[in-house]
Each structure stands twice: as structure tokens, then as C-alpha cells.
Amino acid sequence: MTISAPAALTHDDLGGTGSPVILLPGAGDTRQGHAALAEALRSAGHRVVDADLPGHGGSPSAPSYGVNQTAESLIHLVDELDAGPAVVVATSFSPAAAVVAAHRRPESFRGLVAISPHMEAEPGLAAALQRLTIITLLRGPWAGALWGRLYGNWYKSRRPPGLENHILELQAMLSDPEGRRAVRDTLVADREGVAEALGAITLPTLFVFGSNDDHFPDPAAEAIDLAARTGGESLVVPGAGHYPHIEYPEVVAERILTFLNGLG
């Protein structure tokens, strides 16, 4: 496995005290999406660092966008902050990279909150066809409009304030060919080493799902399974879709604060 030099993650250090709580969005999203969660954690006194994935938002493009490459970028960010060990609050694609990073450098991390995590690639022909569809549809100038439509449909019971403007920002990101490549490659990145790392990490974990998240056949069962595999905790937010921390930031923030307080 060859890993290129870690790509820098553009981030906002929102202040606060103590070890950092690093927020990572999912593939095709940016740090602006979970502003309400960031503010809730910052207001409670935590040092919040809100980052973009490689090639997304303000972060520069990278040679490749796999899980292992993103894990190295996360480790690099913790080193840059010089205030670890960090807690990572990661969404969708990002928890897989956070797990690999924590396995590779356990002393740099003290907790993981995984929101709607895609920890393992789906097997079979259907998954292969889905990958091909993503690669094809997000290749042309229509990619932004298509992604905006998909993204908006993943909020199942509450459309958060500012969602329409955020979707316009995502569409602008995909108007650039390099932005489209970053989103495409991150969405279809393999999960090499994730299962092994997930079974080996010992840091405290919290898994958060929306009950109506159509990315998973049974989100509640997924939450229970992942918590059992890591000796962690779980939260299922009733009615929420793939982004429960944006749809119901007050519910998710309260649970994350309890988790953070329990770390000591």
C-alpha cells in the first residue's frame, strides 16, 4: 500500500480549552454544514476544530482520496494543532478514516463519535453498479445539480435553516473539475484496513444514526452492531436521515457532550 504525503486539511479553530474536538464532514460535504453542532460544542467550553476533507471546501486537492490517505491527513492535523489527544466527530465516509488513524496512532486520539458511518464497502454486484453510477454521473458539469438534489433528499423530517444556501455552496464546489474528482473518488474509496482497525481500537466510541437513514437497511441494527464490536455506545435519532447532527443538532450535541464529559 502506497500512501502519498498527507494533504493539508483547511480548518477553523473555534477556540475553547482542553484537547481539541475535530469535526469532519462526509464525502461531498464541507465544514459549513454542521455549524450548529460546532457552536453547541464550543459554547459548552470545548476547543472545536472544524475541518474540510482533502479536495473539499477550502482544502487543497490531493493526488488521491482513499481512507488511508485521509487518515494520514487527520494525523497531520492533530500534529499541527499540537494539542492532542483529540476527539474526532466524523460523518459518513470520515469515520472509516478516523478509525484507521486511531489504530495507526492511538496516542493521538482519545475518543471517536461516528455519525452515519460507512465503515465497510458494500459487497456484491449492486454495490459495484452503484460505484459505476457515481463515477459516471458525477463526472460532467451537471454533477452539482445532481448532487444538490441527492443531498437535499437525505434530510428526512426537518430541513435545517440555511440548507438551500449550503446546497448552493456544494454545487459550486462540484462546478470545478478537481472538486468533482475529489467528491467522486472519496465517495467510492475502498475501505482497506478499516475492519481490522475497527476490531483493534480501544478508544471510547459513540455511534449516531438517524432512524430514517436510507443509506442503511436497518440504521438501528447498524448502530447496535458497531457499538457491540467496539464496546461503545449508540444513539438513534428518531425521524432523522443521513445527517442527524444537522437535522437535530440539539439532540446530537447533548449526547456528544455527555460522551465528552465521560472521557474525564
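The values are calculated or read from the model by the stated rules, or taken from the named source; none is laboratory data. Keep in mind it's a predicted model, so treat the numbers as computed, not measured. Don't worry about glycine lacking a Cβ; one is built from the backbone with ideal geometry, like all the others, and counts go over all protein chains shown.
Any residue that is of a type in the set (Lys, Arg), modelled with pLDDT under 95 and crowded, with 20+ Cβ neighbours inside 10 Å - is there at least one of those in the stretch 186-197? The answer is yes; a qualifying residue exists.
Cβ-Cβ under 9 Å, sequence separation 6+ or interchain: first residue in the stretch 244-262 and under 18 Å from GLN32 (Cβ atoms), partner among the acidic types (Asp, Glu) and surrounded by fewer than 21 Cβ atoms within 10 Å (Cβ to Cβ). Which pairs? Between residues of the stretch 244-262 that are under 18 Å from GLN32 (Cβ atoms) and residues that are among the acidic types (Asp, Glu) and surrounded by fewer than 21 Cβ atoms within 10 Å (Cβ to Cβ), the close pairs are PRO249/GLU39; ALA253/GLU39. Taking the stretch 185-264 as the region of interest, the helices (runs of 4 or more DSSP H) fully inside it that hold 3 or more residues being of a type outside the set (A, V, I, L, M) are 219-230, 244-247, 249-262.
Just one residue in the set GLU196, GLU222 is over 14 Å from THR91 (Cβ atoms) and within 18 Å of the chain's Cα centre (by Cα); that residue is GLU222.
In the stretch 91-105, the residues that are in contact (Cβ under 8 Å) with a residue 60 or more places away in the chain and among the aromatic types (Phe, Trp, Tyr) form Cβ pairs under 6 Å with partners that are part of a helix (DSSP H, G or I) and buried (at least 24 other Cβ atoms within 10 Å of the Cβ), at six or more places apart or across chains, as follows: PHE93/THR186.
Counting only residues that are aliphatic (A, V, I, L, M) and in a strand (DSSP E or B), the stretch 8-48 holds 5 of them.
Against the conditions (1) at positive phi; (2) touching a residue at least 12 places away in the same chain (Cβ under 8 Å), ASP82 satisfies every one except (2). For the stretch 233-245, the criterion of a residue being polar (S, T, N, Q), crowded, with 18+ Cβ neighbours inside 10 Å, more than 28 Å from ALA143 (Cα to Cα) and more than 17 Å from the chain's Cα centre (by Cα) is satisfied by no position.
Number of residues in the stretch 111-152 that are modelled with pLDDT of 90 or more and either closer than 15 Å to PHE216 by Cα or not in a helix (DSSP H, G or I) (or both) equals 9. Residues VAL67, VAL21: which one is buried (at least 23 other Cβ atoms within 10 Å of the Cβ), in contact (Cβ under 8 Å) with a residue 12 or more places away in the chain, more than 29 Å from ILE134 (Cα to Cα) and of a type in the set (Val, Ile, Thr)? Just one listed residue meets the conditions, VAL21.
Annotation note: of ASP50, ASP82, the sole residue that is acidic (Asp, Glu), surrounded by fewer than 23 Cβ atoms within 10 Å (Cβ to Cβ) and farther than 15 Å from ALA182 by Cβ is ASP82. Applying the criterion of being touching a residue at least 60 places away in the same chain (Cβ under 8 Å) and on the phi < 0 side of the Ramachandran plot to the residues of the stretch 54-64, the residue that is surrounded by the fewest Cβ atoms within 10 Å (Cβ to Cβ) is SER61.
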